[in-house]
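Peer 1: A single structure is presented below for examination.
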Amino acid sequence: MGRLLLTWRLAIRDIKRRRVQAALLLLMIVTTTTTLTIGLALHKVTDSPFARTRAATMGPDIVAELGPTPGASRDVARQFAPLLRAPGVAATDGPYPIGFARLTTRHIGVLAETEGRDAAPAVIDRPALTAGRWVSPGGAVIERGFADALGLHVGNRIDLNGRAFRVAGIAVSTAQCFYPVSSPGLVWLTRGDTEALASSAQPLGYILNLKLDDPSSAESFENGNAGTAFYNAGSNDTKPSLSSWQDIQRQDFKVISVDQKVLLIVSTLLALLAIASIAVVVGSRMAEQTRRVGLLKAVGGTPLLVAAVLLAENLLLALAATAVGVAIGQLVAPVLTNLGNGLLGSPPTPPVTVTSVAEVVIVAILVAACATVVPAIRGARTSTIRALNDPAHPPRRRPWLISMSAWLPVALLLGVRLVARRVRRSLLTAASMTIAVMMVVAALTLEHSDEVRNRAAVIGTTTVAGRVTHLVFLLSAILIVLAALNAIFTTWATVIDAQRPTALARALGATPRQITAGLATAQLMPGVLAACLGIPLGLALYGVAGGHVEQASPPLLWLAAVIPGTLIAVAVLTAIPARIGARRPVADVLRSD
Amino acid sequence: MTDTSGSVLAASALRKEYGKGAALVRAVDDVSLEVAQGESVAIVGPSGCGKSTLLYLLGGLERPTAGTLQLAQRQLEQMPEAGLARLRRRALGFVFQAFHLVDELNALENVELPALLAGASPRKARERATDLLEQVGLEDRAEHLPSALSGGQRQRVAIARALANGPAVVLADEPTGNLDSAATTDVLRLFEQLHADGQTLVVVTHDERIAATADRLITMRDGRFVDETKLTGGTQRTVTEIAGLDG
């Protein structure tokens, strides 16, 4: 009990003593676990709202559609007839006329799909009104996702192909995907109004809703009776196209699945960033920890106790961060699962399963173990006296870099030699910066992709691609903030590590400005590497995330601007810690040795 | 104000305080000092008497709380940090008790560092460093890292480094404090040689043997100069006699 108390006390005291380092470690793990939690929780998050809406609207198992064809009304009964007689069909409803019309409201003009309905409730697919009343002559009902995107409310006026309508109601349905998954958006009118909007240039099509004896067999029914939706010139036996309710559900889920893919990629990047940052934090604490190990051993602590203290300290931070990360993930996930009101009811809070928590905890424990194992082993192996006197891990000598740097201006000379002292740290810094640059490049590529451009042309950015763009930009911002924090911390670690050589350089005549520039240069060099690697890797990341690089054309100037942009950002971020480091009293540093 | 026209280094009523109120510590208290060109001054005193602080003040590594300071005809106390650095570069050389060599640089690279910082061409810096290492008898150790050198050798490298830019004054803080007797003798010989060559030296030391080689011996206690002895031209005895190594 006493030993446990001692372990706990030592761990807590050290965390309190190293608050900034502890906070950074905490922040890194929190961000990683949050993103991981969201990514894992988003799995099939649309299932419940879809099922709820389907039940409430008597959703069809199969929707059969005959695309708009000239003279379709003459053949419609004949073309739907085989479906009416098909085995497994329990009930049918329709056919209902459908067409396309130009919807204009408040200076916005978009294409809309119209569907003619009777005033009486249908047997199958009764769109559930969330506001207003059902269709009447001159009164339109707008699909909720579409109404939200256009900012329409009950009572608003709209024009369809130049004819005035009033928004009578707003409704949801599962006979078709909600907007923006399905575009153009859906407007229900009376049969008469729908037919009146048709012309020879904009002919009518028809849909028939079917209920099956076994709804779960909808996909096999669809496969067995597949047809083609649109009119084939010269063919008189166009078959209707079929969509099963599972198809529609999957399409609705696309909104989330794209987000989920992006989130999982980003959480992997965040994990890498966290590992890079943690390695820097742990590395900078290593000498200190080794001395502490020596001290604990000197007062009678066994290597096991020493390891326990270190593990307790890191585990405490990792588990606290995991708890916070899971909680934040829970809070943030519903924001990302907002389906644009296309389905009934709020999306459920994504479930935190035992598996997902276990996965997140395993990541956290691995982090804690990594941060513990090296100093613990080193401390256990090192003699007590040596551990007490152990200076920081001696810097490596790289003769060619030292010789080459002699030919450089003083600031570069100092910068190159600082990098040469701790090449591994510089590589870790480069890795974390590369991750941030990759995300920026991927976001730029996405912004300039054909998909986003085409979707944006339809209406605003409230499309799937628009959502993903926003998500990518949001996550890029998170990654950039973390990479920035990492750059600041790395600079500070370099400042601390190099305080003796920099103080010495000042005693030998280097000015504070030269020292500041040298410290900043030591960070700029990884920045150059990051910018050069980040561009091709960012394009590759865009490809891995499902984008088509060949259909995306980020302006070359923008991509080129990533290099100076990265360097300016690094210079600004590192200037303050470097300046503080360059202005520490020289005498204090030299005297302390 | 003291006439300092003949001095290469002059301090007047120099004071350095740390802390405030009851915790106020006066590390250097009303110290005045003039060091003539080519003169060797030794400052002795017990630990914590303010010797090292005074040396750091004289070298512009710390700012005085009060008083004036002149080095190579330039006033130091109001000089901006960058100006102080530039002045240190050409007018001062430091020798520290803990050597303060850069671990990852070999002896030659350590010695050429001040010249490179001063903007000398790498070739000239290398030539000068090679000469200096020869002067301190370490030409065969030029490629060795500090970790492969003995304490005395490290201090000799540090002395060579202090001379890299031909400074007006060399300030040495306990240069033999970390050395054994044999290494101390080597360093004493070097200081004697420097003195003989006309190098101005200010040495803070516990070591009576090194103090005995100076022109002037100043005793310091509680931040003040309490005694000053002129040892005209330094001692007439040789270093080995002083060190008691002449058999």
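Peer 1: Taking the condition of being surrounded by fewer than 21 Cβ atoms within 10 Å (Cβ to Cβ) and of a type in the set (D, E, K, R), how many residues in segment A:406-428 meet it?
Peer 2: Going through segment A:406-428 one residue at a time, the tally reaches 1.
Peer 1: If you don't mind, another one. When residues of segment B:36-87 are filtered for being within 13 Å of another protein chain (Cβ to nearest Cβ) and on the phi > 0 side of the Ramachandran plot, how many remain?
Peer 2: 3
Peer 1: Going through A:A560, A:A530, A:A520, A:A510 one at a time, which residue ends up being surrounded by fewer than 18 Cβ atoms within 10 Å (Cβ to Cβ) and either modelled with pLDDT of 80 or more or not in a helix (DSSP H, G or I) (or both)?
Peer 2: A:A560
Peer 1: Being more than 8 Å from every other protein chain (Cβ to nearest Cβ), part of a helix (DSSP H, G or I) and surrounded by fewer than 24 Cβ atoms within 10 Å (Cβ to Cβ) is the filter; apply it to segment B:88-119 and report the residue that is nearest to the chain's Cα centre (by Cα).
Peer 2: B:A91
Peer 1: For segment A:399-428, enumerate the residues that are polar (S, T, N, Q) and within 12 Å of chain B (Cβ to nearest Cβ).
Peer 2: To start, the set of residues in segment A:399-428 that are polar (S, T, N, Q) comprises A:403, A:405, A:426.
Matches in segment A:399-428: A:S403, A:S405.
Peer 1: Here's another thing I want to ask about it. Go over the candidates A:L519, A:L524, A:L508, A:L590 one by one and state the one that is free of Cβ contacts under 8 Å to residues at least 40 places away in the same chain and within 30 Å of B:L116 (Cα to Cα).
Peer 2: Working: A:L519 fails: free of Cβ contacts under 8 Å to residues at least 40 places away in the same chain; A:L524 fails: free of Cβ contacts under 8 Å to residues at least 40 places away in the same chain; A:L590 fails: free of Cβ contacts under 8 Å to residues at least 40 places away in the same chain.
Result: A:L508 is the single residue among A:L519, A:L524, A:L508, A:L590 that is free of Cβ contacts under 8 Å to residues at least 40 places away in the same chain and within 30 Å of B:L116 (Cα to Cα).
Peer 1: Here are A:L319, A:L343: which of them is modelled with pLDDT under 65 and more than 21 Å from the chain's Cα centre (by Cα)?
Peer 2: Among A:L319, A:L343, only A:L343 is modelled with pLDDT under 65 and more than 21 Å from the chain's Cα centre (by Cα).
Peer 1: For segment A:90-170, give me every one of the strands (runs of 3 or more DSSP E) that falls completely inside it and has 1 or more residues that are among the basic types (K, R).
Peer 2: On the way: elements: A:108-117, A:128-132, A:139-143, A:157-160.
Those strands (runs of 3 or more DSSP E) span A:108-117, A:157-160.
Peer 1: Might you check whether a residue that is within 14 Å of chain A (Cβ to nearest Cβ), on the phi < 0 side of the Ramachandran plot, buried (at least 18 other Cβ atoms within 10 Å of the Cβ) and in contact with a Lys or Arg (Cβ under 7 Å, 6 or more places away or on another chain) occurs anywhere in segment B:123-136?
Peer 2: No, segment B:123-136 contains no residue that is within 14 Å of chain A (Cβ to nearest Cβ), on the phi < 0 side of the Ramachandran plot, buried (at least 18 other Cβ atoms within 10 Å of the Cβ) and in contact with a Lys or Arg (Cβ under 7 Å, 6 or more places away or on another chain).
Peer 1: In segment A:222-247, which residues are modelled with pLDDT of 80 or more and in a helix (DSSP H, G or I)? Give the steps one after another, and end with the answer.
Peer 2: First, the residues of segment A:222-247 that are modelled with pLDDT of 80 or more: A:241-247.
The answer is A:W245, A:Q246, A:D247.
Peer 1: Could you please let me know if B:E228 is touching a strand residue (DSSP E or B) at 6+ places or on another chain (Cβ under 7 Å), acidic (D, E) and either modelled with pLDDT of 85 or more or in a helix (DSSP H, G or I) (or both)?
Peer 2: Values: touching a strand residue (DSSP E or B) at 6+ places or on another chain (Cβ under 7 Å): yes; acidic (D, E): yes; either modelled with pLDDT of 85 or more or in a helix (DSSP H, G or I) (or both): yes.
Against the criterion (touching a strand residue (DSSP E or B) at 6+ places or on another chain (Cβ under 7 Å), acidic (D, E) and either modelled with pLDDT of 85 or more or in a helix (DSSP H, G or I) (or both)), B:E228 qualifies.
The values are calculated or read from the model by the stated rules, or taken from the named source; none is laboratory data. A quick note: this is a predicted structure, and the numbers were derived from the prediction, not measured. Here Cβ is always computed from backbone atoms with ideal geometry, including for glycine, and neighbour counts include all displayed protein chains.
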